[in-house]
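Undergrad: Dumping the structure here so I can ask a few things about it.
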Amino acid sequence: MTRETWATRLGFILAAVGSAVGLGNVWRFPWMTAQNGGSAFLLIYLAIVILVGVPGLLGEFVIGRRAKRNPVGALRDLSGSRGWALVGALGVATATVLLSFYSVVGGWILRYFLESLYGFVGTAPYAGEPGAHFSAISFGPEAVAFHLVFLGLTAAIVVSGVRRGIELGTKLMMPAIVVLLAGLAVWAGTQDGALAGYEFFLSFDASTVRANWLDLLAPAAGQALFTLSLGAGTMLVYASYLGEDQSLPADATTIAVLNTAVGVLAGLVVFPLLFSLGVEPGSGGPGALFVGLAGAFATLPAGALIGTLFFGVVLLAALSSAISILEIPVAFLVDEFALSRRTAVGAVSGVIALGGVANALQSSLFGFIAGQVVDTLLTLGLLLFLLFVGWQLGPVAVEEFRKGAGATTARLATTWRYFVGTVIPVFLAFTLLTGLGLDGMIGRWAVVAVAVAVTVVAAAVFNRSRTAA
Ligand code: PFF
């Protein structure tokens, strides 16, 4: 059977933006920004998106388009080594773990969407006690049920294939998300107290950045990878359905810019609303969106309508990301074991359904996976993908980067290769080890030294294995 491809370039871009724009932008981004002091975090996050995110996207794109395979097959075929296939397998495993918690949050969103749609907003148990409502529904049998429905919707799109499922679905969902979110942002700006929200989000205070930037690196990097869908192989798999004629650098930049724009737009909805209702944005943790905003909608005159639109947007964003996560293990089974798409989707969804049940019943497990486990796996995954690009593929990556790119962009290829092979891995190793708490044990500069050492050794080993091959 011939492998499917995207019907159009726009289709690929929208699917990739659809993957990037998700709960990371609307749920995790405001929560992270609030927890880390607002605009200082935003600034560092933006820098990481440009300096690590765009080159990182290109890394996954180059591997995927070159090999035209899932992460396991791609790394194995391009290197001729089984060891590298394991790195691809890490991506497949990460995707499976990731979707098992993502789908639980998707289930919450689905529930809030339906509750708003049916006008429960403003009535008990919603009004007055949004916090109690969230605690009552977030973990337990009902959370399991909504997780399963959300996963079912995701599977229904993926089973229809690359063109008729993913491409068509994202082509319909993405414009709706942008239009609705822009409308909501305008409306949020008319609320009393909105100004305080903008100030928190956008006023830039150089002294907090100077005082805290080292502490903000790890959370900002984690957020940047999560929001750009980097490190599990989603972007690798999406690029594996591409033709040769397309400029990967141009597409990577477009995707990062659109994703950031939607993130900022979401902030322009969320922060003015929280401030206009006097909800402290940093206080709610992962529940902030549900508690703060659902509480807000309950007190507003047109709350049911606004709530429906808002949770509708978030639901579409979550779905268009969930399909991209599910596609990784599905592509693996289809490519490597010649399973039909239907069987592959069924098998993978079964495993994720079970994992999600565990997460939906155990809030401590959920918190651990949604936070540290996912951050660590994505960072490690991207680190290894980029070492592969820089040292194993080397000149091949440079050649692939140049295909379809304009003359000016093509000149950046070698610089990019060394950047993704040296500076970025050191940075990712640093955030990985800091995220694991190593800096508390041996101090920050020792962690930097370890990160450099790890990268140099890895580069030497991989560089040799290429010459030997
Ligand atoms: N980028 C998605 C979001 O912001 O919600 C989440 C995500 C998708 C992360 C795919 C990682 C991934 F591989």
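Undergrad: Assuming a ≥ b ≥ c are the square roots of the Cα gyration tensor eigenvalues, decide whether segment 146-231 counts as rounded (a/c under 1.5), prolate (otherwise, with a/b larger than b/c) or oblate.
TA: Oblate is the answer for segment 146-231, as a/c is 1.5 or above yet b/c matches or exceeds a/b.
Undergrad: Where the accessible area of segment 94-235 is counted over protein heavy atoms with a 1.4 Å probe, how much of it, in %, is carbon and sulfur?
TA: Of all accessible area on segment 94-235, carbon and sulfur atoms account for 68 percent.
Undergrad: How would segment 92-197 be classified by its alpha-carbon gyration tensor: rounded, prolate or oblate, with rounded meaning a/c under 1.5 and the a/b versus b/c comparison settling the rest?
TA: Verdict is oblate for segment 92-197.
Undergrad: In addition: Could you give the accessible area per residue of the chain, probe 1.4 Å, as a whole number in Å²?
TA: Counting only protein heavy atoms, the per-residue value for the chain is 37 Å².
Undergrad: Taking Cα atoms, how many degrees apart are the long axis of helix 374-387 and the longest axis of the chain, rounded to 10 and kept between 0 and 90?
TA: That helix lies at roughly 30 degrees to the long axis.
Undergrad: Can I ask one more? Using the Cα gyration tensor of the chain, with a ≥ b ≥ c the square roots of its eigenvalues, what is the shape: rounded (a/c below 1.5), prolate (a/b larger than b/c) or oblate (neither)?
TA: prolate
Undergrad: Using alpha carbons only, how many degrees (0 to 90, rounded to 10) separate the axis of helix 206-227 from the longest principal axis of the chain?
TA: Long axis of 206-227 versus the principal axis of the chain: about 80 degrees.
Undergrad: Shifting gears a bit: Tell me the angle of helix 54-67 to the major Cα principal axis of the chain, expressed in degrees between 0 and 90 and rounded to the nearest ten.
TA: Orientation of helix 54-67: about 60 degrees from the principal axis.
Undergrad: Also: Return the FRET efficiency for the residue pair Leu202, Ala338: r is the Cβ-Cβ distance, R0 is 56 Å, and the value is rounded to the nearest 0.05.
TA: Efficiency, from the Cβ-Cβ distance: 0.60.
Undergrad: Report the Cα centroid-to-centroid distance between segment 48-118 and segment 276-351 in angstrom, as an integer.
TA: About 16 Å separates the Cα centre of segment 48-118 from the one of segment 276-351.
The values are calculated or read from the model by the stated rules, or taken from the named source; none is laboratory data. This one's a predicted model, so the numbers in the text were calculated from it and none came from an experiment. Heads up, the Cβs are rebuilt from the backbone with ideal geometry, glycines too, and the neighbour counts pull from every protein chain shown. Side chains are part of the model used for accessible areas, which takes the heavy atoms of the whole protein and leaves out ligands, DNA and RNA. Shrake-Rupley method; radii C 1.70, N 1.55, O 1.52, S 1.80 Å.
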